[in-house]
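The values are calculated or read from the model by the stated rules, or taken from the named source; none is laboratory data. In this text the structure is predicted, and so the values were computed from the model without any measurement. Every residue, glycine among them, receives a Cβ derived from its backbone with ideal geometry; neighbour counts consider all protein chains shown. Please note that ligands, DNA and RNA were not included when accessible areas were found on the heavy atoms of the full protein model with its side chains. Shrake-Rupley method; radii C 1.70, N 1.55, O 1.52, S 1.80 Å.
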Amino acid sequence: MISNDVVCRSQTLSLCKTLPLINNINSSFSFRRSSLPIKPFKTRVQLKITSSELKWEKERNETEEKVDINKDNINHNVEEFLLGSEEDEAMVPSQQFCLKAHIPNTQKYMDMYKRSIEEPSEFWSEIASSEFYWKKEWDHNQAFNENLDITKGNINIEWFKGGITNICYNCIDRNIEAGLGDKIAMYWEGNEPGVQASLTYTNLLHQVSQVGNYLRDIGVKKGDTIVIYLPMIMELPIAMLACARIGAIHSVVFAGFSSESLAQRIIDCKPKVLMTCNAAKRGSKTIFLKHIVDAALIQSANHAHSIDSCLVYENKSTLKRENTPWKEGRDVWWQDVIPKYSKSTCNVEWVDAEDPLFLLYTSGSAGKPKGVLHTTGGYMVYVGTTFKYVFDFKPSDIYWSTADCGWGAGHGYVTYGPLLNAATIVIHEGVANYPNSGRCWEIVDKYKVSVFFTAPTLIRSLMRDGDQHVRRYSRTSLRVLGSAGEPINPTAWRWFYKVVGDSRCPISDTWWQTETGAAMITPIPGAWPLKPGSATFPFFGVKAVIVDEEGKEIEGEGNGYLCIKGSWPGALRTLYGDHERYETTYFKQFPGYYFTGDGCIRDKDGYFWITGRVDDVLNVSGHRIGTAEVESALVSHSHCAEAAVIGIDHEVKGQSIHAFVTLVEGVPQSEELRESLKQTIRTQIGAFAAPDKIHWANELPKTRSGKILRRVLRKIASKQLDEIGDTSTLADPTVLDQLIAQIDS
């Protein structure tokens, strides 16, 4: 579909001219006709190239308009090139958009991509040196060292080592020095309509300095860890930046996790300080954060780690001071101490590029959350660069990401990426459909948001609520849309494009992980046509490959396991305190590659389609949850003897959790017990991890060695009984009949 019925002529030419180059660089690029079953819009775009002619064909209703393009711009070795057909579609950005884009055509992308792969040190050194501030630079001829092959020794990744910088300085001071001190850095929209605030870059520096000075005064030093358990108020990114300014390592924990989950993270990273809020509102729900913190600190103290300082922000509109649980000598009110500290000066702690920046815990298949460690220099350069190109960021843009800073997207695309580019960002405390389903678009119109980044879960939820909630707002400020967190289905993509973006805003449907730091496979607005549901092509410096079960790279069209060949600046360096697990999780299965844990299809046009997790990690509403984590919580219930957890495709959440539970002998099945089991998970992990359905199972399907066949459970729960497949390894085949009977009852 073409915005305003205009074809981007320059992009068409670049696609043709770079075809041989694409094939030479990476087998993933081979623009041919796709066989994926994607239904076209009424308007479709076809690009046909033969040895005699090249023309765009645009069909709308009964009309046809043709644009002739010089055949001399075609590589004559190409006999036919077809993009878009009745079987598939491609959305092409308008000529107006292309002409103003950072990457206006595929030729520009391919030139940069080719250099990023062939000359990575030079490519990234030039970007790092020209677009970021360094107190001292590194050896530009050797910007990185790496070993991704576990058979050759310990896994090691280093970028810009020896370079000295500070990411907080780059996010704030550098922008003020460029004359942007009075520019709005943050608009904050409260949970309730009409509650709002804002900070300029100068104001932001003042508040960050005060928090940094407080932390130094209570003894926090470079390398100390601080846990941040705050809702989406401005104090959350302020706290992150203050930690970075003084060289402390921050670990943000999503303010929706239970006390047990918070305690687990505290015990693992042993922070010196915890920063929190007495309570928060998310929609109509009140979350008593300080109560959760107190319970977590009791648990951590029982495991030999006590915290002496707990800084508490008073959310006056949600909970009064006198109703907040308190421990004298440990707990301090934010508003009582922070304003006392100097806002004019907080000396920057200059750190090495490979010094730790933050820990962010993510679920693992083994049950214990993994403390993903990112370092300063490489993360800064990679996340800042991806933000610029993935969203085609312009200084005049107003940017809003609905992500929470408790997740990777909130680190990269709420705090660091935008501020490194001197962006004006919107932070929303609440949920996008409170108090009504139009709140999201009300905020877009209110702040004139031009770049809107969200999760497929929210897109599907808002789509379900109906177009009328979208269309009653203008949304004319929107220029670029984006999504991340899980694969987006083509239907939701089209709705996002057609209804929210009025068929004029390119969608950057990104694929990446907490571990990768920032976008890895992603559209770049203006560079090439988009296919609904496809993450399209790798970002600069990313050698994305698909391998089979033996680790052999699949050339051209195919499907298998998505891996990354070689390192990139934003890669995680280790798992905190467990380098062996880091090596085993990401590098052992396919030596020489970073294994993403995701399945992937590459179509005939070379587009990447992420199919989801292939390990035992669920993705529910953008939350990664280990099946072992949920199973462990279930079996901790006194009435649960055994449990197996699986994910089922869900039209809104991506995946829904189904649990198969075997009860202790003699315990009767009941709805009350189902609810009790769900409550156990809510308490130990969080409400987002509670199963949508709990199925009773007298026995679970196991192999003779005792392994639970989760693929069988998945088919049973999905009622795809004719697709159960081979069950010859089952120790007791009669279990299947019992399970099928129980799930139907």
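For segment 295-306, residues that are open to solvent by 30 Å² or more (accessible area, probe 1.4 Å) and either of a type in the set (Phe, Trp, Tyr) or assigned to a helix (DSSP H, G or I) (or both) total 5.
Every residue, every condition in (1) hydrophobic (A, V, I, L, M, F, W, C); (2) on the phi < 0 side of the Ramachandran plot, yes or no:
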residue: GLY622; (1), (2): no, no
residue: ILE625; (1), (2): yes, yes
residue: SER636; (1), (2): no, yes
residue: PHE660; (1), (2): yes, yes
residue: ILE694; (1), (2): yes, yes
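Given the structure, is GLN589 of a type in the set (S, T, N, Q) and more than 22 Å from the chain's Cα centre (by Cα)? Spelling it out, GLN589 is indeed of a type in the set (S, T, N, Q) and more than 22 Å from the chain's Cα centre (by Cα). With respect to VAL332, is the statement that it is closer than 23 Å to MET232 by Cα, open to solvent by less than 20 Å² (accessible area, probe 1.4 Å) and not basic (Lys, Arg) true? No. Within segment 429-447, is there a residue that is under 22 Å from GLY526 (Cα atoms), buried (at least 20 other Cβ atoms within 10 Å of the Cβ) and modelled with pLDDT of 95 or more? No, segment 429-447 contains no residue that is under 22 Å from GLY526 (Cα atoms), buried (at least 20 other Cβ atoms within 10 Å of the Cβ) and modelled with pLDDT of 95 or more.
Candidates are the residues of segment 514-534 that are buried (at least 20 other Cβ atoms within 10 Å of the Cβ) and among the polar types (S, T, N, Q); the one that is farthest from PRO569 (Cα to Cα) is SER534. Name the residues in segment 486-506 that are over 16 Å from TRP400 (Cα atoms), without any contact (Cβ under 8 Å) to a residue 60 or more places away in the chain and surrounded by 19 or more Cβ atoms within 10 Å (Cβ to Cβ), would you? Across segment 486-506, the qualifying residues are ILE488, ALA492, TRP493, TRP495. Segment 625-701 holds strands (runs of 3 or more DSSP E) entirely within its bounds, and those carrying 1 or more residues that are touching a Gly at 6+ places or on another chain (Cβ under 7 Å), of a type outside the set (Ser, Thr, Tyr) and open to solvent by less than 10 Å² (accessible area, probe 1.4 Å) map to 654-663. Within segment 518-531, at least one residue is aromatic (Phe, Trp, Tyr), closer than 25 Å to LYS394 by Cα and touching a helix residue (DSSP H, G or I) at 6+ places or on another chain (Cβ under 9 Å).
Looking at ASN619, ASN559 in this structure, which one is among the polar types (S, T, N, Q), surrounded by 21 or more Cβ atoms within 10 Å (Cβ to Cβ) and not in a loop (DSSP other than H, G, I, E, B)?
None of the other options fit; the residue is ASN619.
Being open to solvent by 10 Å² or more (accessible area, probe 1.4 Å), closer than 25 Å to LYS340 by Cβ, part of a loop (DSSP other than H, G, I, E, B) and not β-branched (Val, Ile, Thr) holds for only one residue in GLY256, GLY219, and it is GLY219. Where residues in segment 173-216 are part of a helix (DSSP H, G or I) and among the hydroxyl-bearing types (Ser, Thr, Tyr), which of them is most open to solvent (accessible area, probe 1.4 Å)? Filtering segment 173-216 for residues that are part of a helix (DSSP H, G or I) and among the hydroxyl-bearing types (Ser, Thr, Tyr), the one most open to solvent (accessible area, probe 1.4 Å) comes out as THR202.
Being open to solvent by less than 90 Å² (accessible area, probe 1.4 Å), in a helix (DSSP H, G or I), aliphatic (A, V, I, L, M) and at negative phi is a condition met by no residue of segment 307-327. Within segment 693-721, the set of residues being in contact with a Lys or Arg (Cβ under 9 Å, 6 or more places away or on another chain) and modelled with pLDDT under 85 comprises ILE708, LEU709. Scanning segment 390-406 turns up at least one residue that is polar (S, T, N, Q) and within 19 Å of GLU235 (Cβ to Cβ). Would you confirm whether any residue within segment 156-170 is in a helix (DSSP H, G or I) and of a type in the set (Asp, Glu)? Scanning segment 156-170, I find no residue that is in a helix (DSSP H, G or I) and of a type in the set (Asp, Glu), so the answer is no. Kindly indicate whether THR457 is of a type in the set (Val, Ile, Thr), in contact (Cβ under 8 Å) with a residue 40 or more places away in the chain, open to solvent by 10 Å² or more (accessible area, probe 1.4 Å) and out of contact with any Phe, Trp or Tyr (no Cβ under 9 Å at 6 or more places or on another chain). The answer is yes for THR457.
Checked against the criteria, SER261 counts as part of a helix (DSSP H, G or I), under 24 Å from PHE688 (Cβ atoms) and open to solvent by less than 10 Å² (accessible area, probe 1.4 Å). Taking GLY329 as the residue in question, decide whether it is at pLDDT 95 or above and under 15 Å from the mean Cα position of the chain (by Cα). Answer is no for this residue.
The C-beta contact set for segment 709-724 (first residue at positive phi, second residue open to solvent by 20 Å² or more (accessible area, probe 1.4 Å) and at pLDDT below 90, distance under 8 angstrom, 6+ apart or interchain) comprises LYS719/ILE743. Restricting TRP407, TRP400 to those that are of a type outside the set (Gly, Ala, Ser) and out of contact with any helix residue (DSSP H, G or I) (no Cβ under 8 Å at 6 or more places or on another chain) reduces the list to TRP407. Taking first residues from segment 255-274 that are under 14 Å from ILE287 (Cβ atoms) and partners that are part of a helix (DSSP H, G or I), the Cβ contacts under 6 Å between residues at least 6 apart in sequence or on separate chains come to ALA255/LEU289; SER258/THR683; SER258/GLN684; SER259/ILE292; SER259/ALA295; SER259/ALA296; LEU262/ALA296. Taken over segment 273-290, the criterion of being part of a loop (DSSP other than H, G, I, E, B) and open to solvent by less than 10 Å² (accessible area, probe 1.4 Å) is satisfied by ASN278, ALA279, GLY283.
Every residue, every condition in (1) open to solvent by less than 20 Å² (accessible area, probe 1.4 Å); (2) in a strand (DSSP E or B); (3) within 14 Å of LEU373 (Cβ to Cβ); (4) of a type in the set (Val, Ile, Thr), yes or no:
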{"position": "GLY541", "(1), (2), (3), (4)": "yes, no, no, no"}
{"position": "GLU550", "(1), (2), (3), (4)": "no, no, no, no"}
{"position": "ALA571", "(1), (2), (3), (4)": "yes, no, yes, no"}
{"position": "THR584", "(1), (2), (3), (4)": "no, no, no, yes"}
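Contact annotation: residue pairs with Cβ atoms under 7 Å, 6 or more positions apart or on different chains, pairing a residue in segment 316-330 that is within 14 Å of HIS291 (Cα to Cα) with a partner that is surrounded by 11 or more Cβ atoms within 10 Å (Cβ to Cβ) and β-branched (Val, Ile, Thr), are THR318/THR286.
You will find that of SER483, SER477, the residue that is within 23 Å of PHE387 (Cβ to Cβ) and surrounded by fewer than 24 Cβ atoms within 10 Å (Cβ to Cβ) is SER477 and no other.
Test ASP149 against the stated conditions and say whether it is within 23 Å of TYR379 (Cα to Cα), surrounded by fewer than 15 Cβ atoms within 10 Å (Cβ to Cβ) and out of contact with any strand residue (DSSP E or B) (no Cβ under 8 Å at 6 or more places or on another chain). Considered against the rule, which asks whether it is within 23 Å of TYR379 (Cα to Cα), surrounded by fewer than 15 Cβ atoms within 10 Å (Cβ to Cβ) and out of contact with any strand residue (DSSP E or B) (no Cβ under 8 Å at 6 or more places or on another chain), ASP149 comes out as yes.
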